């Protein structure tokens, strides 16, 4: 990672976490080759899932050019080392069966471990909202930060941090959808505020509603249950067929209480025309 790349994170994040290059240089560290089977992942790693395609792509690069930037580790015991930063490189190196991996050994306190790992993940790849939320929760619960000073330090709003951390209160089944990128953080926040989140998620998924459309439904009917408020494609298609056959404005209404077909006519001539079609059974859809 170049110093310019690090600066791209912004002054706010830099003030929270020391410059990674300065941190390494100040420790007078040397790069050593460590057996790859002596290295273990960090349980405090903010990223809980990895993109397999990107790991494979990185492994192909390592196969051609080797590991250009050492990973950062700490001595975990007499026999192994724990990753502070560089888990993606470590995973990719295992794919191509490297026996050794270049590493810089650090004796750092746990707070620095978490923060350095956060830097690398934010810089290399956007964190999943829940992964980001977990890191903020660690900093808030275990590292002595408040939402206010953490917001100032990382250049985010306090409400951004608060809303993200609230996602951790969702039931596990909804968190799983976020991890799988099947539910956005914005949609998930709407679930938090609703009495019937199971009903709401079914509506969102069935009709592929964006956030604004979902908010509109909630505003109009706070405690709705699943209804035909949004017509499915098959119903709309049938409505269009009837309208084309009659050449008259037609609406199909489906509800829990009653169903109806409404055919509008503008004058008595259109009414007579409709009656003739229906009575003579000449209507073809």
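Readers should treat all values here as calculations from the given coordinates under stated rules, not as data from a laboratory. Computed from a prediction, not measured in an experiment: that's the story for all the values here. Here Cβ is always computed from backbone atoms with ideal geometry, including for glycine, and neighbour counts include all displayed protein chains.
Going from the residue with the fewest nearby Cβ atoms within 10 Å to the one with the most, 145, 160, 65, 136 rank 65, 160, 145, 136. Full extension of the chain segment joining residue 141 with residue 272 gains 39.7 nm, where the gain is 0.36 nm per residue of separation less the Cα-Cα distance.
With an 8 Å Cα cut-off and a minimum separation of 6 or more residues, compute the relative contact order for the stretch 233-280 in percent. Relative contact order comes out at 24 percent. Placing a pseudo-label 7 Å from each Cα along the Cα-to-Cβ vector at residue 265 and residue 218 gives an inter-label distance of 4.6 nm. Here 73, 275 are placed in order of increasing Cβ neighbour count within 10 Å, fewest first, which gives 275, 73.
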